[in-house]
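Reading through the structure tokens given below for one structure.
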Amino acid sequence: MKNKFLIGLVTFFSTLAALLFFSNFVNSDNNKTYSFERVFSTQDSILNFKDRHEKMDADEYIMAINSDDYIVERDREPVDSLHDRYKFYYTDLRFGSKQTDNVVLPAGSNVLHSNPAKVIYTNNFRLFELDKNKHKRREILIPGLKLTSLKALPDSDSKFLCFSELKQAEGYKTGFYVIDFKTNAISLSKLLVTHEDTDVPTNSLRYSGSFSVFADQNTITYGCNKFSKVYFFDNQGNFKNELNTADATPLPEVIKNNEGYTFYKRGHTWNTNMGVFVKNKKAFVFSASSKVYNTIIVDEYSLKDLSYVQSHKIKHDYENSQSVRHAFIDGDKLVIGFETHYASFIFSRYI
């Protein structure tokens, strides 16, 4: 009798624990997704596979760097305790011309932009431009600036659209700025948030994303990959409008540990917009907010009213949108950079 009671008691608490675990598991933020009911196109694919291109560097995953009209990868190795050697790999969008070069930078540098003539990087949030041919570097002195990413403006050798924080009398302002490296002039294009104290580590994680330039569309985009926002600018860096993608993914939560390091709070961060391209007055977003696996999901939006139109499925090597890192338009072709390789697609007549 006593054994039966103990067995029953253990069974009861085991069942209760299992139910509590299941309830917490199902209802936890860890399992929350921001997928939505998509309307998939019934037409043929908007992208037809053409070529596969292998990565240029030796790393397992592609480490890409922003550039002008180049696809750029980089390797890094320590020289000594104070310096790192960067090896850059360059190719055009047709993968027909490849070259490499090396530069030595202070340890802890963050390379933001590179082409065969120069490297732009930050070190302890100080901004530098290195002339490779002259082997000279200079600091871009803009008081109060802490810059985390940038993109060269088309048809300019000195102006850049940047995501950064700028200290001003009213506080620390985070958003998008246009900087002229020749004159050190800076102007605000789009303000996102203002703080009383500097908050660069938090905002760089919350608004993590990437720039893309589509010169023929007079459009530059910045797609947030942890937040359902895509920002649009013209070729001068002027803010035009912003798109709220249909997944409605909220800003991620960022926390700080005892050592002062910031990181994403587990269960409160979701991947969303992994790449953007613009064509024929439409924006196409590679969305990770999907329950469809082994398929690349592209959501189509109208640039006229920024409304959701439909979605498209793209099949390629069992890849999905999570592994998309870059998208480049080259005439009638789109080059997609994945984690481990590149693929060229031809636009179909349906796009």
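I need a count of the residues in region 51-68 that are in contact (Cβ under 8 Å) with a residue 24 or more places away in the chain and surrounded by 14 or more Cβ atoms within 10 Å (Cβ to Cβ). Let's see the steps before the verdict.
Within region 51-68, the first condition is being in contact (Cβ under 8 Å) with a residue 24 or more places away in the chain, and the residues that meet it are 51-57, 60-62, 64-68.
From what is left, the residues that are surrounded by 14 or more Cβ atoms within 10 Å (Cβ to Cβ) are 53, 55-57, 62, 64-68.
Qualifying residue count, region 51-68: 10.
Check off (1) of a type in the set (A, V, I, L, M); (2) part of a strand (DSSP E or B); (3) closer than 25 Å to residue 203 by Cβ for residue 142 and give me the number that stays unchecked.
All conditions pass for residue 142, except number (2).
From the list 191, 153, 112, 147, exactly one residue is open to solvent by less than 20 Å² (accessible area, probe 1.4 Å) and touching a Gly at 6+ places or on another chain (Cβ under 6 Å). Which is it? Break it down into steps so the answer makes sense when it comes.
Values: 191 fails: open to solvent by less than 20 Å² (accessible area, probe 1.4 Å); 112 fails: touching a Gly at 6+ places or on another chain (Cβ under 6 Å); 147 fails: touching a Gly at 6+ places or on another chain (Cβ under 6 Å).
After ruling out the rest, the residue left standing is 153.
Considering only region 64-80, state which residues are outside any strand (DSSP E or B) and closer than 14 Å to residue 120 by Cβ.
The first filter runs over region 64-80 and keeps only residues outside any strand (DSSP E or B), leaving 67-70.
Answer for region 64-80, where residues must be outside any strand (DSSP E or B) and closer than 14 Å to residue 120 by Cβ: 67, 68, 70.
Rundown of residues vs (1) under 23 Å from residue 208 (Cβ atoms); (2) not charged (D, E, K, R), yes/no style:
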| residue | (1), (2) |
| --- | --- |
| 290 | yes, yes |
| 313 | no, no |
| 318 | no, yes |
| 333 | no, no |
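Restricting attention to region 324-345, report how many residues are among the hydroxyl-bearing types (Ser, Thr, Tyr) and open to solvent by less than 10 Å² (accessible area, probe 1.4 Å). Quick ask: steps written out before the conclusion?
Within region 324-345, the first condition is being among the hydroxyl-bearing types (Ser, Thr, Tyr), and the residues that meet it are 340, 342, 344.
Okay, now just the ones that are also open to solvent by less than 10 Å² (accessible area, probe 1.4 Å), so 342, 344.
Residues meeting the conditions: 2.
Go through region 280-299 and give me each residue that's buried (at least 18 other Cβ atoms within 10 Å of the Cβ) and at pLDDT 90 or above. Before the answer, list the steps.
So the first thing to find is which residues in region 280-299 are buried (at least 18 other Cβ atoms within 10 Å of the Cβ), and the list is 283-290, 296-299.
Of everything in region 280-299, those that are buried (at least 18 other Cβ atoms within 10 Å of the Cβ) and at pLDDT 90 or above turn out to be 283, 284, 285, 286, 287, 288, 289, 296, 297, 298, 299.
The values are calculated or read from the model by the stated rules, or taken from the named source; none is laboratory data. Quantities reported herein were computed from a predicted structural model and do not represent experimental measurements. Ideal geometry is used to build each Cβ from the backbone, glycine not excepted, and the neighbour counts take in all protein chains shown. Just so you know, the surface numbers come from the protein's heavy atoms only, side chains and all, with ligands and any DNA or RNA stripped out. Shrake-Rupley method; radii C 1.70, N 1.55, O 1.52, S 1.80 Å.
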